[in-house]
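What follows draws every value from the coordinates through simple rules; no lab data is involved. From a predicted model like this one, the values you see are computed outputs, not experimental measurements. Cβ: placed from backbone, ideal geometry, glycine included. Neighbour counts: every protein chain shown.
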């Protein structure tokens, strides 16, 4: 089930938090609850991705993007991701999540997020996201202009750039069973 109460709490906290610059790192904390667990008594990997959604909501509210999305009637979509899990998150662990825009090109906004428990990284994700209008992607230039940040254009570097390049070689559509035989 989607964590609606946590969503409302996240939105309330983000609205009370100070505004941050578009390039800054947003932060939110929460506790791993029993309904976040899988059969192995650790946070379920699907729940991790859902909670990363909440981190992006926080970032969008604190940077002012959420207001722009509402004003322009735009949407926010995830078009790809890669996740690394390295530490188990157990029941009642306090988790601190960090979210930041890592890069941007003409079409995509790349976001990096991480979850930390007791000062150690538990997981991280890199996402390819886009802003949509009437179900179609719009250029990031329009988004920057609507936010009053035309001068801001973080370039992909390092491992983010390597991931973007590797995604360009990934076959699409993927093979189906009939094609694999």
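Tell me, what is a quarter of the convex hull surface for the C-alpha atoms of the chain, in nm² with one decimal? All intermediate terms of the calculation are to be shown ahead of the outcome.
Numbers: hull surface 50.5 nm².
Reported value for the Cα convex hull: 12.6 nm².
Would you mind ranking 151, 38 so that the residue whose beta carbon has the fewest other beta carbons within 10 Å leads the list?
Numbers: 151 6, 38 11.
So the residues, fewest neighbours to most, are 151, 38.
Given the Cα-Cα distance of residue 11 and residue 139 and 0.36 nm per residue of separation, how much length would full extension add, in nm? The partial results should precede the final answer.
On the way: separation 128, 0.36 × 128 = 46.08 nm, distance 2.64 nm.
Stretched fully, the residue 11-residue 139 segment lengthens by 43.4 nm.
Pick out which of 121, 18, 154 has the largest mean-square fluctuation in a Gaussian network model of the chain, springs linking Cα atoms closer than 10 Å.
Answer for the Gaussian network model of the chain: 18.
In the Gaussian network model of the chain, springs joining C-alpha atoms below 10 Å, which of 146, 22, 102 carries the largest mean-square fluctuation?
146
Please compute the contact order of the stretch 4-166 in relative form: average sequence separation of alpha-carbon pairs under 8 Å and at least six residues apart, divided by the residue count, as a percent. Walk me through the numbers before you get to the answer.
Details: 280 pairs, mean separation 37.6, N = 163.
Relative contact order comes out at 23 percent.
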